[in-house]
Each structure stands twice: as structure tokens, then as C-alpha cells.
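Enquirer: So that we are looking at the same thing, I have put the structure below in C-alpha cells.
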Amino acid sequence: MKEVQKLKDFFIGYRIASLWSTSDDKNESEFLDELYSIDDFNHETKKAMELDCIKFMGSNKDDLETYADEITYNIHESLSAYEVSGHDFWLNRNGHGCGFWDRRGLNQETGERLSEASKAFNECHLYVGDDNQIHMM
């Protein structure tokens, strides 16, 4: 898989996870993925998220290759390994109870390194702005 496609997939998985793990601040019983898609991020938020993904992938290239080769559990059959890794990056950086470290088939050391690398990024939170786009605080 080409590097550009890996980044594209990683970024898709990252945004998907951000939407389904974030409740709507106006209606906490609904998650953002029920009302919005990955196309609904405002430009600044999308750019900031993409830069974080680029930094993470660049710093963890070898471990992400291992991850893509080894994982046996996929969140959804239609997601690529890099979409799943983007998903795990969002979960780990924001302190959710799952992520790289608990993927079946991935050696423990790789999972722990990727989890720790994720924690080097600050937590980030999403909200829906008055423009009806997704923003990050």
C-alpha cells in the first residue's frame, strides 16, 4: 500500500472514531456519527487533525507497519488496517478504554509502544459550532 493511501485510510479511521466516540453537546443521548459524517469537520479542525495524524504516523512508521501486518481483529470488515490504526490513535490519545494495546494478534510490545506514543498527544474534544460543522477545542 502506498504511503499516501495509508495516510488517507488512517485519517478516515481517525475521524470516524472521533465522531462515534463523541456525544452531541446539545443532545448528549446522541453521538455525532448519528448526525454528521467525516465531511462535516470545519477546515481548521480537519487540518489540525490531519497534522496530528501525519506526525503520529511519521514517528511510528515501523510499529504501524507491524500493526497492519499482525492485527487479526477488525472493527468492521470493510475497514483497512490503517483505518483501524487511525481509530485506535483517536481512542488512545483521548484516554478511552481500548486501542492499540488490546488488538488481538498484535504483539504486546508494539501495542504498548503505539499506545504510549498516542499519549504524547494532548486529549482533544469535539463540538458542533453554530455553523453546524464539527470543531475541536
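Every number in this text was worked out from the coordinates using simple rules, so none of it is lab data. Computed from a predicted model, the values in this text were never measured in an experiment. No Cβ is skipped: glycine too gets one built from the backbone with ideal geometry, and neighbour counts run over all protein chains shown.
Enquirer: Counting only other residues whose beta carbon sits under 14 Å from that of CYS53, what net charge do I get with K and R as +1, D and E as -1? Mind dumping the intermediate values first?
Expert: Details: positive: LYS6, LYS8, ARG15, LYS46, LYS47, LYS55, LYS61, ARG93; negative: GLU3, ASP9, GLU50, ASP52, GLU83, ASP88.
So the surrounding residues net to +2.
Enquirer: Another question, if that's okay. Take ARG113, ARG15, ARG103 and order them by how many other Cβ atoms sit within 10 Å, fewest up front. The partial results should precede the final answer.
Expert: Working: ARG113 18, ARG15 28, ARG103 23.
Ordered by Cβ neighbours within 10 Å, fewest first: ARG113, ARG103, ARG15.
Enquirer: With r as the distance between the Cβ atoms of VAL4 and ASN132 and R0 = 22 Å, compute the FRET efficiency 1/(1 + (r/R0)^6) and round to 0.05. Mind dumping the intermediate values first?
Expert: Values: r = 30 Å, r/R0 = 1.38.
Efficiency, rounded to the nearest 0.05: 0.15.
Enquirer: Quick one: how many lysine pairs does segment 1-114 have with C-alpha atoms less than 28 Å apart and a gap of 8 or more or different chains? Give me the count, please.
Expert: 18
Enquirer: For PHE31, enumerate residues with amide H under 5 Å from its amide H, sequence gap 5+ or separate chain, H modeled in the peptide plane.
Expert: ASP24
Enquirer: Please state, to two decimals, what the Cα-based radius of gyration of segment 3-136 comes to when divided by 2.2 N^0.38 Å (N = residues). List each step's numbers first, then the result.
Expert: On the way: Rg = 14.3 Å, N = 134, 2.2 N^0.38 = 14.1 Å.
Relative to the 2.2 N^0.38 Å estimate, segment 3-136 comes out at 1.01.
Enquirer: With labels modelled as points extended 7 Å from the Cα through the Cβ direction, what inter-label distance (nm, one decimal) is found for GLU116 paired with SER37?
Expert: According to this spin-label approximation, the distance is 4.0 nm.
Enquirer: Taking LYS119 as the anchor, which aspartates and glutamates have their alpha carbon closer than 20 Å to its alpha carbon, excluding any fewer than eight residues away along the same chain?
Expert: LYS119 reaches GLU50, ASP52, ASP62, ASP63, GLU65, GLU83, ASP88, ASP102, GLU109.
Enquirer: Please state the relative contact order of the chain as a whole percent: Cα pairs under 8 Å, 6+ residues apart?
Expert: Working: 192 pairs, mean separation 40.1, N = 137.
Over the chain, the number comes to 29 percent.
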